[in-house]
Amino acid sequence: MTANQFRAALDRLGLSQAAAAALVGADPRTGRRWALDERAVPECVAILLRLLLAKKITVDDIEAVRR
């Protein structure tokens with residue numbers, strides 16, 4: 001997933017960069033780095049975003065697993 005795709009996915013999902021990072025237990029700065037293409041978006045994060053976009057899972061599903 002490119003930085004542009006990452007930002008577009010977040011926009012469609014209504015998530016901030018910090019919220020996306022928090023969903024996967026990453027530092028908020030990491031979300032910014034993914035969005036600015038300073039770091040590659042990990043494949044596991046890309047998969048989660050694609051599942052969210054396809055409505056196969058919800059943010060609540062992810063948060064429930066993290067509890």
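Take Val59 and decide whether it is β-branched (Val, Ile, Thr) and either open to solvent by 50 Å² or more (accessible area, probe 1.4 Å) or closer than 17 Å to Met1 by Cβ (or both). Write out each step before concluding.
Numbers: β-branched (Val, Ile, Thr): yes; either open to solvent by 50 Å² or more (accessible area, probe 1.4 Å) or closer than 17 Å to Met1 by Cβ (or both): no.
Here the answer is no, as Val59 does not meet what is asked.
Consider only pairs whose beta carbons are under 6 Å apart and that are at least six residues apart or on different chains; among these, list those whose first residue lies in the range 50-64 and is in a loop (DSSP other than H, G, I, E, B) and whose second residue is modelled with pLDDT of 95 or more and among the charged types (D, E, K, R).
From residues that are in a loop (DSSP other than H, G, I, E, B), there are no pairs.
The values are calculated or read from the model by the stated rules, or taken from the named source; none is laboratory data. Since this is a predicted model, take the numbers as computed values, not measurements. Because the Cβ atoms are built from the backbone with ideal geometry, glycine has one as well, and the counts that use them run over all protein chains shown. Accessible surface areas use protein heavy atoms only, side chains included; no ligands, DNA or RNA. Shrake-Rupley method; radii C 1.70, N 1.55, O 1.52, S 1.80 Å.
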